[in-house]
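> Quick one: the structure is below, questions incoming.
The values are calculated or read from the model by the stated rules, or taken from the named source; none is laboratory data. These numbers come from a predicted model, not from an experiment. Cβ placement follows ideal geometry from the backbone for every residue including glycine, while neighbour counts extend to all protein chains displayed. All accessible areas refer to the heavy atoms of the entire protein, side chains included, with ligands and DNA or RNA removed. Shrake-Rupley method; radii C 1.70, N 1.55, O 1.52, S 1.80 Å.
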Amino acid sequence: MKILMHEPAEELFLGVIHPDAALFADYFNVDQASKEHRNYREELRKAGAEVVTVSEILVDGTLDAEGNAVEGPALDQLREFAAQFLTYNTDAVPDERAHQERYKQEVLRKANPKDLLRIILLQPEIVLSRTQGNTGFAAVYKERPMMNLFYMRDQMIATFKGIVIARMHSPQREVESRVAEFCLNKIGMPPVGRIAGEGAYLEGGDFLPFGEAAFIGCGLRTTQKAIDQLMENDWLGTDKLMVVHDRWLEQEQMHLDTYFNCIDRDLVTLSANRYKAGPDSSQYLTVDVYERSNGGPYRKTVEGACFVEYLEKTLGVKVIPISRPDELNYANNYLTIAPRRIMVVAGQSQELQQAFADNGVNATWIPLANLTRGYGAAHCMTQILTTEPVF
């Protein structure tokens, strides 16, 4: 199993000092968050996963053992990509526009690959003004850091056909898919498709493979227009797609993987508020099912069915309800790496730990006290790049 992740670092700082604007739940310690991420990656490797990071991919082939730049195609591509994220704002000195563009390219040619990486992650803007004497210029420095990039689940989905690049719903995150696509192309896994068009939004936290079928959430972050694109363009590689409709549309359960997840073909979890909700509640979930045969078009075979009844009676799976305290600690947001083998946030209730044990679930408990304050956890931080079913 190959997993793509991104270790958060300095690009988080501006986000944690105003969490709401960064799409975070609360302030958290940046250094401790990085440490938690490294620990999680180590646990995944111990479990047999191959883990690669965005930063490793971006600088691969551009540095020697001493950290010096290595000229060649990899560095040329990185410079060209980094140039898209560096802005020299010449509005106050319009006569300098052409010269400053040449100056920018000169600086990029000299920049160490690790500084090119910083440019990509921080998206700096240099707002220039003229001064008398010295170098003749002063600047105000702005950044638009990719502070949510460590949630690598969302910029794409890994279907049975290949990787599809998502279209992020939040303006704070829309640029992240470009980074994901660059990385995929560099490691020889070009995407099979890309969501586009007005009203078509897709985020990876809403997509969950299930055996040779798949669930996809339709709600706050993913829209039916994007789901239709997946089916119309044959990007899914499955003959059965189960669309879970959410009417609650609350940030705390923004994606399918925040309130529902799959441990095995006969075992899933679901937040108790969703499990118990009746048809009159906004938290009530319904499901539409699309199926096809012999590579033909998808047909809707089930419409508006009760999601819980569909799980238990039609699919015949056991549902473990997740209590409110455990749900708030991201108990649903685990990563399944094999049948009944999960990586889950530490600190869950004894009742849930016992429920997992009673159902033969091998759980590795991962401390993520800081990272979860960004509104995500073990599943959100990982993108499985292999397209074969996990179970």
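> Out of the residues in the range 367-390 that are over 17 Å from Leu44 (Cα atoms) and open to solvent by less than 30 Å² (accessible area, probe 1.4 Å), which is farthest from the chain's Cα centre (by Cα)?
Filtering the range 367-390 for residues over 17 Å from Leu44 (Cα atoms) gives 369-370, 372-376, 387-389.
Now drop any that are not open to solvent by less than 30 Å² (accessible area, probe 1.4 Å), which leaves 370, 372, 374, 376.
Details: Asn370: 17, Thr372: 14, Gly374: 12, Gly376: 9 Å.
Per the stated criteria, the residue is Asn370.
> Do you know which residues across the range 150-164 are buried (at least 23 other Cβ atoms within 10 Å of the Cβ) and either aliphatic (A, V, I, L, M) or more than 12 Å from Leu4 (Cα to Cα) (or both)?
First pass over the range 150-164, keeping only residues buried (at least 23 other Cβ atoms within 10 Å of the Cβ): 150-157, 163-164.
Listed by number, the residues that qualify are Met152, Met156, Ile157, Ile163, Val164.
> Which ones in the range 84-114 are open to solvent by 20 Å² or more (accessible area, probe 1.4 Å), touching a Leu at 6+ places or on another chain (Cβ under 9 Å), under 23 Å from Gly67 (Cβ atoms) and assigned to a helix (DSSP H, G or I)?
Val107, Lys114
> Looking at the range 59-71, is at least one residue under 29 Å from Gln172 (Cβ atoms), modelled with pLDDT of 95 or more, open to solvent by less than 80 Å² (accessible area, probe 1.4 Å) and part of a loop (DSSP other than H, G, I, E, B)? Explain how you work it out, then say what you get.
Step one: of the range 59-71, the residues under 29 Å from Gln172 (Cβ atoms) are 59-60, 62.
Those left that are additionally modelled with pLDDT of 95 or more: 59-60, 62.
Restricting the remaining residues to those that are open to solvent by less than 80 Å² (accessible area, probe 1.4 Å) gives 59, 62.
When the remaining residues are screened for being part of a loop (DSSP other than H, G, I, E, B), the result is 62.
Yes, because at least one residue in the range 59-71 is under 29 Å from Gln172 (Cβ atoms), modelled with pLDDT of 95 or more, open to solvent by less than 80 Å² (accessible area, probe 1.4 Å) and part of a loop (DSSP other than H, G, I, E, B).
> Looking at the range 251-287, which of its residues are in contact with a helix residue (DSSP H, G or I) (Cβ under 9 Å, 6 or more places away or on another chain), more than 22 Å from Gln348 (Cβ to Cβ) and touching a residue at least 40 places away in the same chain (Cβ under 8 Å)?
Correct list: Leu285, Thr286, Val287.
> Scan the range 138-175 for residues that are outside any loop (DSSP other than H, G, I, E, B), more than 21 Å from Ile216 (Cα to Cα) and touching a residue at least 12 places away in the same chain (Cβ under 8 Å) and jot them down. Talk me through it step by step, then tell me what you get.
We begin by selecting, within the range 138-175, every residue outside any loop (DSSP other than H, G, I, E, B); these are 138-143, 156-158, 163-165, 167.
Within this subset, residues satisfying the condition of being more than 21 Å from Ile216 (Cα to Cα) are 138-143.
Residues satisfying the conditions are Ala139, Val140, Tyr141, Lys142, Glu143.
> Kindly indicate which of Ser55, Ser34 is crowded, with 16+ Cβ neighbours inside 10 Å and touching a residue at least 60 places away in the same chain (Cβ under 8 Å). Steps first, please.
On the way: Ser34 fails: touching a residue at least 60 places away in the same chain (Cβ under 8 Å).
That would be Ser55, the only listed residue that is crowded, with 16+ Cβ neighbours inside 10 Å and touching a residue at least 60 places away in the same chain (Cβ under 8 Å).
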